[in-house]
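The values are calculated or read from the model by the stated rules, or taken from the named source; none is laboratory data. Nothing here was measured: the structure is a model prediction, and the numbers come from that model. Cβ sites come from the backbone with ideal geometry, for glycine too, and all protein chains shown count toward neighbours.
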Ligand code: ARG
């Protein structure tokens, strides 16, 4: 095989080219539209640059370049954009196409830029879009849980600690408790979003260039909150925002895996509090009776994988020398894979929760006397017994039962026990408006930012 010619290298050994290019020709397809957007902002800024004897590109040329970038982006949206191995990545594929169509103008668009700041911009634009979509899916899942909680009303559910029966709870409390944990994960996603929402463009290879680049201008055109001030810092930030996103996703997935695990347990025949719709269960090739919760088991597995991706990202960055290193290219599939796994999990869980059925009688039947023990002791307190004495009276009865002796223990009605707890956030004190308000506020802020990002993209690419 002959050595291959690329835009940057006159000759590269084909095996070395294949190894270094890796999966970029496929992965970078997700970045193509964002790459066109970044380039459109860069070329616009170049055409406005003051203090040069002669403009690098004229206003007319910038407009022509933007038009062509819009066409390339439209091809990419239709899945008709191709990255060849000789291109190495999306950046040089776009430059090649621009040069094929615009001649010398195509050769000018990379002026004052490096693929290092270019890819960092692409990744951040792509990430912002994806994080906002993941946040929407997070809110949707929380809303499904809240609605499921509202629908099941105060069906009593045995609350557990150490997995042992503990105190009266309700399906509503269980569902909205998970919803609240999931809504809290928006905070981590937002932290990742803020780290992604800063502009590295103009840092070039990580040290700036001797041209009067207007980094504020590209920041405004690309709808970033601010430029990353220090050019070296901008190059160092590559990988860091990917790792921060993966850490948010890993934590989100850990929360989702606990929801999945509760659903697996509570839908086991031995519990049977919940029932998964039959079409959400998978069978066995040998055991005809099986309706297995594979979907929820795979949620646990995906959670483990995302944690692995986070570990991979941090390990990759660990002790890497300052400035760009090619290792950073491998951060790309890590964060893309993490987003893919997390977003698919959010969507399938919303569907499972929507289909989940409650067996209220099985839930009530599970209330063994011990579940009321604390409430019974507190009734003694209401009658004047000091707490610790009341505790020991009840404790002695249950200790006797535990040892197989006879003892009289008081029991209660599960529904009454659930209704008797009324302070904020307990079984009789769940306020659904809190969830609805949080969900609404989150969706409003998400759609505002998605709108701004896509408006900026349309303005630059005319799409
Ligand atoms: N595909 C490369 C990456 O993701 C683009 C940057 C290449 N830069 C370089 N100096 N070789 O990192």
Scope segment 63-81; condition farther than 22 Å from residue 204 by Cβ and in contact with a helix residue (DSSP H, G or I) (Cβ under 7 Å, 6 or more places away or on another chain); matching residues: 64, 68, 70, 72, 73, 76, 77, 81
Inter-residue pairs, beta-carbon under 6 Å, first under 18 Å from residue 204 (Cα atoms) and in segment 313-325, second part of a loop (DSSP other than H, G, I, E, B) and at pLDDT 95 or above, 6+ apart: 323/206; 324/206
Residues that are part of a helix (DSSP H, G or I) and within 12 Å of the ligand (Cβ to nearest atom), drawn from segment 10-38: 20, 21, 24, 25, 27, 28, 31, 35
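Assess whether residue 304 counts as being at pLDDT 95 or above and either within 23 Å of residue 164 (Cβ to Cβ) or outside any helix (DSSP H, G or I) (or both). Outline the logic, then answer.
On the way: at pLDDT 95 or above: yes; either within 23 Å of residue 164 (Cβ to Cβ) or outside any helix (DSSP H, G or I) (or both): no.
Criteria not met by residue 304.
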All positions within segment 279-299 that are part of a loop (DSSP other than H, G, I, E, B) and loosely packed, with under 10 Cβ neighbours inside 10 Å: 285, 286, 287, 288, 289
Search result, residues across segment 113-165 that are touching a strand residue (DSSP E or B) at 6+ places or on another chain (Cβ under 8 Å) and closer than 18 Å to residue 451 by Cα: 124
Subset of segment 363-372 that is surrounded by 15 or more Cβ atoms within 10 Å (Cβ to Cβ) and more than 15 Å from residue 175 (Cβ to Cβ) - its residue that is farthest from the chain's Cα centre (by Cα): 369
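Results for (1) in contact with a helix residue (DSSP H, G or I) (Cβ under 7 Å, 6 or more places away or on another chain); (2) in a helix (DSSP H, G or I); (3) exposed (fewer than 15 other Cβ atoms within 10 Å of the Cβ), shown as yes or no for each residue.
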| residue | (1), (2), (3) |
| --- | --- |
| 245 | yes, yes, no |
| 260 | yes, yes, no |
| 268 | no, no, yes |
| 271 | yes, no, no |
